[in-house]
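A.B. asks: Can you keep this structure in mind? I'll have questions shortly.
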Number of protein chains: 2
Amino acid sequence: MNTINKTSSVFNQLKKGIILGLCGFVFQNIQAQEQPADYVNPFIGTSNYGATYPGPIAPRGMASVSPFNVAGPQNPLEKDSQWLSNPYVNENTFLTGFSHVNLSGVGCPDLGVLLLMPTTRGLKTNHLEYGTTYKNEVAKAGYYSVDLDKYNTKVELTASEHVGVSRISFPKGESNLLLNLGLGLTNEQGAMVKIVSPTEIEGMRTVGSFCYNSPEDAYPVYFVAKFSKPAETFGVWNTPDKYDGVEAQWMGYNGKTRIMENATKTVVGDSIGTYFSYKFEKPETVEVKIGVSYVSIENARENLEKETQGKSFEDIYQETYTKWNTLLSRIQVEGGSQDDKTIFYTALYHTLIHPNMLNDINGEYPEIKTGKIGKTDGTRYTVFSLWDTYRNLHQLMSLVYPEQQVDMVNSMIDMYDENGWLPKWELNSTETFTMVGDPASIVITDTYLKGIKDFDVKKAYEAMLKSADQIENNPLRPALKDYIEKGYLTTESKGPVSTTQEYNIADYSIALLAKALGNKDDYKRFMKRSLSYRKLFDKDLNLLRPRNADGTWYEPFDPDAGANFTENVGFIEGNAWQYAFMEPHDIKGLKKLMGGDKPFTAQLQKIFDTDKFDMANEPDIAYPYLFNYVKGEEYRAQKLVKELVRKHFKNSPDGLPGNDDTGTMSAWLVYSMMGFYPIVPGEPMYTITTPMFDKVTIELDGKYYEQNELVIERNNGNNGIVKEIKINDKKSNSYFISHDELTSAKIIKVTLE
Amino acid sequence: MNTINKTSSVFNQLKKGIILGLCGFVFQNIQAQEQPADYVNPFIGTSNYGATYPGPIAPRGMASVSPFNVAGPQNPLEKDSQWLSNPYVNENTFLTGFSHVNLSGVGCPDLGVLLLMPTTRGLKTNHLEYGTTYKNEVAKAGYYSVDLDKYNTKVELTASEHVGVSRISFPKGESNLLLNLGLGLTNEQGAMVKIVSPTEIEGMRTVGSFCYNSPEDAYPVYFVAKFSKPAETFGVWNTPDKYDGVEAQWMGYNGKTRIMENATKTVVGDSIGTYFSYKFEKPETVEVKIGVSYVSIENARENLEKETQGKSFEDIYQETYTKWNTLLSRIQVEGGSQDDKTIFYTALYHTLIHPNMLNDINGEYPEIKTGKIGKTDGTRYTVFSLWDTYRNLHQLMSLVYPEQQVDMVNSMIDMYDENGWLPKWELNSTETFTMVGDPASIVITDTYLKGIKDFDVKKAYEAMLKSADQIENNPLRPALKDYIEKGYLTTESKGPVSTTQEYNIADYSIALLAKALGNKDDYKRFMKRSLSYRKLFDKDLNLLRPRNADGTWYEPFDPDAGANFTENVGFIEGNAWQYAFMEPHDIKGLKKLMGGDKPFTAQLQKIFDTDKFDMANEPDIAYPYLFNYVKGEEYRAQKLVKELVRKHFKNSPDGLPGNDDTGTMSAWLVYSMMGFYPIVPGEPMYTITTPMFDKVTIELDGKYYEQNELVIERNNGNNGIVKEIKINDKKSNSYFISHDELTSAKIIKVTLE
């Protein structure tokens, strides 16, 4: 048995013998040995803007349940007084409910709605009044529990794919279960609710405007909530906006909350909620199941019933735990500290949250843009933060979970069918057009070239060409005309250097796929296009630099401008240093531009030595591995990766360097701890560094790969510097390995000095 | 054929030969002779606060369609700048749509929602921008049409019981059909909408807070709209409230209208609507059917389909016309001018609008207070403005439409079953608790004593006793303790004199029913209670006067205070004069208090001579008839009634004296023109005056009445003073006639001097 408490490691707790008391029930998954799922600490990333949440979710589930503690001025990080993108912050102390759809590790606020909240005694509907401090938080894969101070009430949470499940242990006396449909992390408003019976509620809540964009694409999440005990009394509250006109004088109720007792008709409003009230003669537990859907209330009900009917809280938790453990067990690590295993498996856990399923149990999902309801036999995935995830997350999926990756690719192609465009930052079938570049092409190429081909590659290629070549009305590649004609975007466009680089990387992938498909002309064309960043290389600075529309350099230029996400001319969420080496497909060319191995190495090392490297954002996260491109300098990569892991990834709430970016930071950690990294997005190859475990065993899918497993062994040495790499006992002369080689090898042995 | 135009009588129009041109199609009901329904002029009451609307409704229909011209400062009577209770005002000129549920002749704003509006050219969603002037209005029973100036578009309207139907004749070019769910007469907000297909929309709109009361009882009206032609493009607009917080700086869309193109998901909001857009290559018509329900969207759809599927606009209009004509034909009048017939049949039409059906075609309706869905085999009626209608409207129903009246009584008793209380001012299964008194008892007693007994009279009596005797927590009779102990309400209560009088009248009915049921004790008890108003009689003033809690007279007392609906201590919507004679059940006692026939007559006449009589409100509307209680003074009644009819009731928009009060003013006119009046509410008797037609023939229901018809003939004389009354050729010595006598008589002959 194993649980993780946010303030101390599970083993300390076990020593203290307090876990059983905290958890309130005996886990059925007590086992002699820790299982991978037991290492998951969902509190990692809940501070330091990691933007994860500690509540339960099933792998790639649509529903999740998160404690919600970002409302109310009692909290230092308050959702309405700043740009806050998560429903839970570890340092906060004032809890106002449990939200049932949530985004993990994103940088913009959305979802965080359908807030269930138990209270006792009199009915209060204002969260500032009913919110409470709390203690004894416990979080594990598929489970969370907390004690609410004000109410002497314990809340336990679990979830199946489409259903959030709560078990609330009330004291004797008057109790209420509030479902607040006004409060939420999203900045959208508007909900509808109907109490169906004393044990059931149905309705919807509007969400959307992710990153304060595309308000016209705001959309509903539908839900059905079922309660294990019928409410003695129930009702709806509604706080309409205050009316200012002449008639206000006759409206004694103007701006006040209305309690609509016994209401069973549809109520809509921006600030509404339901209450189910009880009078318990002894302490009692109530289980609440909230099924969700993005299609309809009917589907939400079907999801709830098919997934959880007849199942207890513990049944559902056990199923979800088992699902987590099965998936996480595909990678077995040996050696390393408990904390190492914890950060590793928690990172792997975080890569299995998004993309998540959008389809209901019956296969239905809202299509993107068409307004139609689509249907899938597999899984329709959503939440594609592709600017982040094209760099490593999908590569991890292709290696360990190819059956998921292929459905992700198919989902992207279906989006093209529906919308006319591949996704960029897709969220619940809305295209948020956040960030820059054209990353879908990279993900699809990367997948295909790794031998995962059960998708319509012709259509995918057609889709790539559309975004690469259509100059007018191209939502994916703004300023494409400049890019094609000049080779780069100018200062008239947003982040012209970064965007040029992103287009280059995408074009490289298109070239690779063209080649694989036998299209030599396109191969040549896009290979050439992929190198156009070189026109932005300023030899004086040894850096990329923005150019004006007339071709002159942008002046005055400060290469440091843009650090810490500040806005600047030239770069997106970064500065010239953080983008200088983001040419993974042309490191040789870059070295040449810079004057060869030595200046390249010096310039790269300077980034680390002068603290210009930013572990918290994607553009430079592959930099430490770039030393592998210089013979004899690989030790720098080995040292740096280890240092960065130790510095930024910890078994604590601040254990992520910043936004997890839907698992991208976590995927970096997983690869880095296993000892290799997909250094060129789109290209089926990896570069090797020091594994952080004695042994890593990756289960491979026989459908796609020659071997059923890959073992990586680390031998000898404590300094972490690689002496020798053997692939199947054959010494390798390279720090690079192709995907085919990797998945055909049975064992890779890394011997340290 | 016959139609009524608001500005000139139909016959003038016929002479001008312009009607066919105006109406745009050939009516199928062209007949040699005018039918009763042809006399209906729905414009009557659309000015002078009559609060009727000119749009079509089927008899007692749930749906109706009214032109909506009360929004926008262009209109002199603007809904948000004053207390305005109707969707249409004849003097207004700026039309912003056609509302699909409406109240007729009420004093408080509610309903007036589901606004359909055709526009052409570019899409505008703000009614102040898309509103238009209009011309060529035509209104008849079941039909309305108008030409919209800005759009060169003709709108024709009709309705079946649950469905409003529009036929819109568009010019060639771009056109839009807007369904605005934000704008409305009601002061409630909040709607939900979902575009089901390019020909169908479903949703709901919140209504309620009638008279700015009981906001917690706000409730939805559900709808389904079907369009005869599929939209080429469609979408939803949403104008959220402006956000004031820190995040507003990131919301470029803050407070702006969003056009959600192609939206097929549920949208909720306070200010939302849908647009269906077309591009017509030639002039085209689109028919729109909007079915409504107070139970569910499914029921709204079933109502729409069962009532109108496969039927054209003209089919539906013909059915509704026929229903109107059949009901109106139960009273045939001969002689009198065309205007006399017009005001008579329009008044009868106005008595057949409310109460209206609340149940769907499948019998379902929302129960009052329980939150449950009830089911009826008959008709569940709603909109009981009983403080008004107990005085004459239900008496008219019992006489001419007893099959409706019995369902109204059954509906009231069902409300008692559901709610624990009989209704007072019931509106769509909400009790608005508007006005004072306990009028349901009077209506039920009146019905029973007229031989209409197919309801559970025991339960009804039990319900009456509850409201008459339950001192604590009695929502129908506040201050009942004072009333029972002191005989009157004191100045600590609202309108203490009026309310005492209302309780007296109700108690008199309870006494009558107790007697009929053989309960002598109750008979005596309530008969005694019914006379307690006498304690408020101030002999010095010869008027009723409020008393303080200590029994002293309220000082300083101004008997004129309260005229024209001003608030005052003592009386509800009236003054001491307007309530002085409101003791219909004890006129003999009142005469005695006043000192006999002469002072009584003098005091009564003074009211008319000094312009204290108010025809626009209910308390004193029976006053002219009270002269019949003084032998030899009946001529005053005859003169006054005729004068009042001529002065206040006209074939013009200002042809009602004020609020029609759901047909009460109209019922007054119908009775007054027929020559008799139900002078004592609750008591089965009438008093007789001069008929205003040569002959009136009332069809009687053989199920309840001995004769199949009653004929009232007026003979000779032009001065309108009655010389002789003969019942079945037998001279009558009385100006009073019992209900039994009336319905057993075949013919009543009134000979004038």
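A.B. asks: In segment B:180-201, how many residues are within 12 Å of another protein chain (Cβ to nearest Cβ) and among the acidic types (Asp, Glu)?
C.D. replies: Adding up the residues that qualify gives 1.
A.B. asks: Could you check segment A:188-203 and list, in sequence order, the residues that are closer than 23 Å to residue A:57 by Cα, open to solvent by 10 Å² or more (accessible area, probe 1.4 Å) and either aromatic (Phe, Trp, Tyr) or touching a residue at least 60 places away in the same chain (Cβ under 8 Å) (or both)?
C.D. replies: Within segment A:188-203, A:202 is the sole residue that qualifies.
A.B. asks: Quick one: which of B:319, B:281, B:298, B:302 is among the acidic types (Asp, Glu), within 33 Å of the chain's Cα centre (by Cα), open to solvent by 20 Å² or more (accessible area, probe 1.4 Å) and over 27 Å from residue A:194 (Cα atoms)?
C.D. replies: B:319 is the lone residue from the list that is among the acidic types (Asp, Glu), within 33 Å of the chain's Cα centre (by Cα), open to solvent by 20 Å² or more (accessible area, probe 1.4 Å) and over 27 Å from residue A:194 (Cα atoms).
A.B. asks: Given A:107, A:131, A:55, which one is open to solvent by 10 Å² or more (accessible area, probe 1.4 Å) and among the small types (Gly, Ala, Ser)?
C.D. replies: After ruling out the rest, the residue left standing is A:107.
A.B. asks: Would you check if residue A:175 is open to solvent by less than 10 Å² (accessible area, probe 1.4 Å) and either touching a Phe, Trp or Tyr at 6+ places or on another chain (Cβ under 9 Å) or assigned to a strand (DSSP E or B) (or both)?
C.D. replies: Against the criterion (open to solvent by less than 10 Å² (accessible area, probe 1.4 Å) and either touching a Phe, Trp or Tyr at 6+ places or on another chain (Cβ under 9 Å) or assigned to a strand (DSSP E or B) (or both)), residue A:175 qualifies.
A.B. asks: Could you please let me know if residue B:353 is within 22 Å of residue B:396 (Cα to Cα), open to solvent by less than 20 Å² (accessible area, probe 1.4 Å) and in contact with a Ser or Thr (Cβ under 8 Å, 6 or more places away or on another chain)?
C.D. replies: So residue B:353 passes the test.
A.B. asks: Here are some residues: A:70, A:138. Which one is out of contact with any Asp or Glu (no Cβ under 6 Å at 6 or more places or on another chain) and not in a strand (DSSP E or B)?
C.D. replies: Only one candidate passes the filter, namely A:70.
A.B. asks: Can you name the residue in segment A:454-491 that is among the β-branched types (Val, Ile, Thr) and either within 30 Å of the chain's Cα centre (by Cα) or open to solvent by 10 Å² or more (accessible area, probe 1.4 Å) (or both) and is also farthest from residue A:581 (Cα to Cα) among such residues?
C.D. replies: A:457
A.B. asks: Which of the residues that make up segment A:204-234 are hydrophobic (A, V, I, L, M, F, W, C) and under 19 Å from residue B:193 (Cβ atoms)?
C.D. replies: The answer is A:204, A:207, A:218, A:221, A:223.
A.B. asks: Any idea which residue in segment A:408-457 is modelled with the lowest pLDDT, counting only those that are more than 21 Å from residue A:706 (Cα to Cα) and acidic (Asp, Glu)?
C.D. replies: For segment A:408-457, the residue satisfying everything is A:431.
A.B. asks: Determine, yes or no, whether residue B:165 is more than 14 Å from chain A (Cβ to nearest Cβ) and buried (at least 23 other Cβ atoms within 10 Å of the Cβ).
C.D. replies: Answer is yes for this residue.
A.B. asks: Failed condition for residue B:119, given (1) open to solvent by less than 10 Å² (accessible area, probe 1.4 Å); (2) of a type in the set (Val, Ile, Thr); (3) part of a loop (DSSP other than H, G, I, E, B), with all others met?
C.D. replies: Of the numbered conditions (1) open to solvent by less than 10 Å² (accessible area, probe 1.4 Å); (2) of a type in the set (Val, Ile, Thr); (3) part of a loop (DSSP other than H, G, I, E, B), the odd one out for residue B:119 is (3).
A.B. asks: Would you mind telling me which numbered condition in (1) among the β-branched types (Val, Ile, Thr); (2) over 23 Å from the mean Cα position of the chain (by Cα); (3) buried (at least 24 other Cβ atoms within 10 Å of the Cβ) residue A:153 fails?
C.D. replies: Unmet for residue A:153, out of (1) among the β-branched types (Val, Ile, Thr); (2) over 23 Å from the mean Cα position of the chain (by Cα); (3) buried (at least 24 other Cβ atoms within 10 Å of the Cβ): (3).
A.B. asks: Just one of the numbered conditions (1) under 27 Å from residue A:667 (Cα atoms); (2) assigned to a loop (DSSP other than H, G, I, E, B) is not true of residue A:125; which one?
C.D. replies: Condition (1) is where residue A:125 drops out.
A.B. asks: Pairs under 6 Å by beta carbon, first residue β-branched (Val, Ile, Thr) in segment B:121-139, partner at pLDDT 95 or above and not in a strand (DSSP E or B), six or more apart or different chains?
C.D. replies: B:125/B:257; B:132/B:149; B:132/B:150; B:133/B:93; B:133/B:149
A.B. asks: If residue A:521 meets every condition in (1) closer than 19 Å to residue A:680 by Cβ; (2) free of Cβ contacts under 8 Å to residues at least 40 places away in the same chain; (3) acidic (Asp, Glu) apart from one, which number is that one?
C.D. replies: (1) is the only condition that residue A:521 fails.
A.B. asks: Further question on the same structure: Which one of the conditions (1) more than 29 Å from residue B:261 (Cα to Cα); (2) at pLDDT 95 or above does residue A:224 fail to meet, given that it meets all the rest?
C.D. replies: Tallying (1) more than 29 Å from residue B:261 (Cα to Cα); (2) at pLDDT 95 or above, residue A:224 fails exactly one: (1).
A.B. asks: Taking the criterion of being in a helix (DSSP H, G or I), free of Cβ contacts under 8 Å to residues at least 24 places away in the same chain, surrounded by 19 or more Cβ atoms within 10 Å (Cβ to Cβ) and in the same structural domain as residue A:561 (by TED's automatic domain parsing), would at least one residue in segment A:492-509 satisfy it?
C.D. replies: No - not one qualifying residue is present in segment A:492-509.
A.B. asks: Report every pair of residues separated by at least 6 positions or lying on different chains whose Cβ atoms are under 7 Å apart, first residue within segment B:680-707 and assigned to a loop (DSSP other than H, G, I, E, B), second open to solvent by 10 Å² or more (accessible area, probe 1.4 Å) and among the aromatic types (Phe, Trp, Tyr).
C.D. replies: Matching pairs, first to second residue: B:682/B:508.
A.B. asks: Can I ask one more? Take the residues of segment B:257-270 that are touching a strand residue (DSSP E or B) at 6+ places or on another chain (Cβ under 7 Å) and not hydrophobic (A, V, I, L, M, F, W, C): which is surrounded by the most Cβ atoms within 10 Å (Cβ to Cβ)?
C.D. replies: B:269
A.B. asks: Looking only at strands (runs of 3 or more DSSP E) that fall completely inside segment A:239-346, which ones have 2 or more residues that are within 14 Å of another protein chain (Cβ to nearest Cβ), touching a residue at least 40 places away in the same chain (Cβ under 8 Å) and among the hydroxyl-bearing types (Ser, Thr, Tyr)?
C.D. replies: Result: A:272-280.
A.B. asks: Please work out if residue B:158 is closer than 30 Å to residue B:302 by Cβ, in contact (Cβ under 8 Å) with a residue 24 or more places away in the chain and either of a type in the set (S, T, N, Q) or open to solvent by 20 Å² or more (accessible area, probe 1.4 Å) (or both).
C.D. replies: In short, yes.
A.B. asks: Okay, next question. Take segment A:621-633 and flag every residue that is out of contact with any Asp or Glu (no Cβ under 6 Å at 6 or more places or on another chain), open to solvent by less than 20 Å² (accessible area, probe 1.4 Å) and part of a helix (DSSP H, G or I).
C.D. replies: If the condition is that a residue be out of contact with any Asp or Glu (no Cβ under 6 Å at 6 or more places or on another chain), open to solvent by less than 20 Å² (accessible area, probe 1.4 Å) and part of a helix (DSSP H, G or I), then A:623, A:624, A:625, A:626 are the ones that fit.
A.B. asks: A further question follows. Just checking, how many residues over segment B:602-619 are in a helix (DSSP H, G or I) and surrounded by 22 or more Cβ atoms within 10 Å (Cβ to Cβ)?
C.D. replies: Residues that pass the stated criteria total 3.
A.B. asks: Just name the residue that is nearest to the other protein chains (Cβ to nearest Cβ) out of those in segment B:214-238 that are assigned to a strand (DSSP E or B) and open to solvent by 40 Å² or more (accessible area, probe 1.4 Å).
C.D. replies: B:233
The values are calculated or read from the model by the stated rules, or taken from the named source; none is laboratory data. Bear in mind that the values here come from a model prediction, so they are computed numbers and not experimental data. Note that we place each Cβ from the backbone using ideal geometry, even for glycine, and neighbour counts take in every protein chain shown. The accessibility values were calculated without ligands, DNA or RNA, using every heavy atom of the protein model including side chains. Shrake-Rupley method; radii C 1.70, N 1.55, O 1.52, S 1.80 Å.
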